[in-house]
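The values are calculated or read from the model by the stated rules, or taken from the named source; none is laboratory data. Just so you know, these numbers come straight off a predicted model, no measurement behind them. Here the Cβ is made from the backbone with ideal geometry for all residues, glycine too, and neighbour counts use every protein chain on show. We work out accessible area using only protein heavy atoms, side chains counted, and drop any ligands, DNA or RNA first. Shrake-Rupley method; radii C 1.70, N 1.55, O 1.52, S 1.80 Å.
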Amino acid sequence: KLPQKELARWALENSRDFLSLIDIGDEGEKNKIIRQTYEAFDARLRNEFTPHELRKAGFAANLLSKNAQNQIAKYAARVFVQAISTAHMRGHAIVSADYAIKVRNLQEVDKLELVRQEREKQIRLAESFLANVIDKRCKKE
């Protein structure tokens, strides 16, 4: 089982491929929201933000989904927002991963190979995070 902080980092890393798919019609505003949300995420992992403060940042980031120009952009934004939310609640990680699958389905309707590749990528990334956690534990002992 991944510790909370590592699970949050996994979810955020998993969301990176989807940031370029977010389109709200204003690239500068999009980047500003993403930057501010990343800062809130990092602050939460350093215990400098309360869960409430992170949730406020997450609600602001939700504008990416609300203002999306198309369905792919909408769900790509949800991948990111749910990943950010994982820093305060574990359950958001799987929601983020499932939104990533939805994006792949929208990109190529009924192309299960893309879905399979996405899920396998998520699993490989999770395995690498878990291996790092185990490696750190072994070095401490």
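Near ALA100, within a Cβ-to-Cβ distance under 10 Å, what is the net charge of the other residues, with Lys and Arg +1 and Asp and Glu -1? List each step's numbers first, then the result.
Numbers: positive: ARG78, LYS102, ARG104, ARG119, LYS121; negative: ASP17, ASP98, GLU118.
Value of the local net charge: +2.
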Original post:
Once the Cβ-Cβ distance between ASP98 and LYS139 is put in as r, and R0 is 22 Å, what FRET efficiency do you end up with, to the nearest 0.05?
Top reply: 0.05
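Which percent of the accessible heavy-atom area of the chain goes to carbon and sulfur, probe 1.4 angstrom?
Values: 4090 of 8030 Å².
About 51 percent, which is the carbon plus sulfur part of the accessible surface.
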**OP:** Measure up LYS56/LYS140; LYS5/LYS74; LYS32/LYS139; LYS1/LYS121 against 28 Å on the Cα-Cα distance and list the ones that go over.
**Re:** LYS56/LYS140; LYS32/LYS139
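Using a ≥ b ≥ c from the Cα gyration tensor of the stretch 76-141 (square roots of the eigenvalues), is it rounded, prolate or oblate, where a/c under 1.5 gives rounded and otherwise the larger of a/b and b/c decides, a/b for prolate?
On the way: a/c = 4.41, a/b = 1.70, b/c = 2.60.
Taking the square roots of the gyration eigenvalues as a ≥ b ≥ c, the stretch 76-141 is oblate.
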Original post:
List the aspartates and glutamates whose alpha-carbon lies under 16 Å from that of LYS30, not counting same-chain residues fewer than 8 positions away?
Top reply: ASP17, GLU39
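Sort VAL103, VAL109 by accessible area with a 1.4 Å probe, largest first.
Details: VAL103 0, VAL109 110 Å².
If we order VAL103, VAL109 from most to least accessible, we get VAL109, VAL103.
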**OP:** In whole angstrom, note down how far apart the Cα centers of the stretch 1-20 and the stretch 49-96 are.
**Re:** 12 Å
Original post:
Roughly speaking, what is the stretch gain from GLU108 to ASN31, that is 0.36 nm per residue apart minus the C-alpha to C-alpha distance, in nm to one decimal?
Top reply: 25.1 nm
**OP:** May I ask which residue of ILE94, ILE84, GLY25 lies farthest towards the positive end of the charge dipole of the stretch 21-108, with charges of +1 (Lys, Arg) and -1 (Asp, Glu) on Cβ and the Cα centre as origin?
**Re:** ILE94
Original post:
How about LYS111: which aspartates and glutamates have a C-alpha closer than 17 Å to its C-alpha, ignoring those fewer than 8 places off in the same chain?
Top reply: ASP98, GLU120
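For the chain, what does -39500 (n - 2.57) per DSSP helix run (n ≥ 4), summed and divided by total residues, give at 222 nm, in deg cm²/dmol to the nearest 500?
-24500 deg cm²/dmol, from helical runs alone.
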Subject >> Packing-based ranking, highest mean first, of 116-127, 31-42, 73-84 given that Cβ atoms within 10 Å are counted >> reply: 73-84, 31-42, 116-127
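Calculate the FRET efficiency for GLU120 and PHE59 from the Cβ-Cβ distance with a Förster distance of 22 Å, rounded to the nearest 0.05. List each step's numbers first, then the result.
Details: r = 32 Å, r/R0 = 1.47.
Result of the calculation: an efficiency of 0.10.
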Original post:
Under a GNM of the chain (C-alpha, springs under 10 Å), which listed residue has the highest mean-square fluctuation: ARG55, ARG16, ARG46?
Top reply: ARG46
Original post:
Ignoring ligands, DNA and RNA, how do PHE49, PHE129, PHE18, PHE59 rank by accessible area with a 1.4 Å probe, largest first?
Top reply: PHE59, PHE49, PHE129, PHE18
